[in-house]
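Step one of this worksheet: look at the structure below.
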Amino acid sequence: MSQSSDLESKLTALQQAATLKERAKTKKAFSRLLNYEADLMSGADHPVLIAVQTFADVAADFYRVPRIKVFYANNELGVQWNGLTRAAFDNWIGFDPDMLQKAAAKYGTHFAENVIAHEIGHHVVDRLGFAGIPRIANEAIADYLAGIFAGSKGLDPNGFAQFLAEQPPDGKDYPHGPERHALYLAGYRTAAEYTFQNFQAVIDDPRFNLRLALCQVVERYC
Ligand SMILES: [Zn+2]
């Protein structure tokens with residue numbers, strides 16, 4: 001069996017086993033947030049969120065996913081560092097504009113775009129059929145996809161890469177900082193090298209086997 005088909009069958013098994021369980025867990029975790037819909041919407045006219053929505057539209061267009069609406073959310077609603085998303089269930093992403101602005105001041109002007117690309121990466125993970133994979137693998141792929149977006153759009157990768165490298169070991173939901181840094185830059189270099197116009201071009205490019213690349217990421221964390 002080739003390395004590729006071996007990984008494919010492992011992935012299929014993982015998807016079948018994990019999807020229902022993972023979805024039930026995620027649904028429970030987000031049920032609290034559903035009650036805050038009104039609060040989320042009330043912050044949507046914040047200037048930072050308007051800018052974030054513009055980036056989100058560009059990223060959604062790049063990935064050819066439906067428009068993803070940006071909402072205000074804070075720590076109480078579940079934002080710990082940058083953004084949160086419930087990709088499997090809806091087309092929205094929550095951000096705390098003040099937190100994002102502060103981080104952008106520290107990590108550079110393209111930091112926010114990269115955070116958005118990471119969050120939208122979770123939506124793309126679902127649409128690629130990886131919805132049921134463990135959270136840590138989902139995060140790894142989102143970092144990689146953020147790199148693909150940043151490389152294709154010619155964004156400055158340094159601030160976000162630094163942010164990722166500085167993340168302390170989490171040991172559960174996220175790969176270690178240096179690994180996240182490496183995944184993001186791997187996506188960035190690939191996209192910059194092949195100059196993709198949109199994500200479909202990444203998928204279609206015969207020089208680059210995206211699915212195999214993603215399967216390898218998943219395998220590392222499962
Ligand atoms: Zn994430």
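A short reminder: the numbers here are calculations on the coordinates, not readings from a lab. Remember, it's a predicted structure, so these values are computed and weren't measured experimentally. Cβ placement follows ideal geometry from the backbone for every residue including glycine, while neighbour counts extend to all protein chains displayed.
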Open item on the list: Please list, ordered by chain and number, the residues whose modelled amide H lies under 5 Å from the amide H of Phe71; skip anything fewer than 5 residues away on the same chain.
Closed with: Ile93, Gly94, Phe95
Task: Label-to-label distance, nm, for residues given as Asp173 and Asn209 (7 Å Cα→Cβ offset) - done: 3.3
- [ ] Taking just the C-alpha trace of segment 93-222, give me its Rg and Dmax in Å.
- [x] 13.9, 42
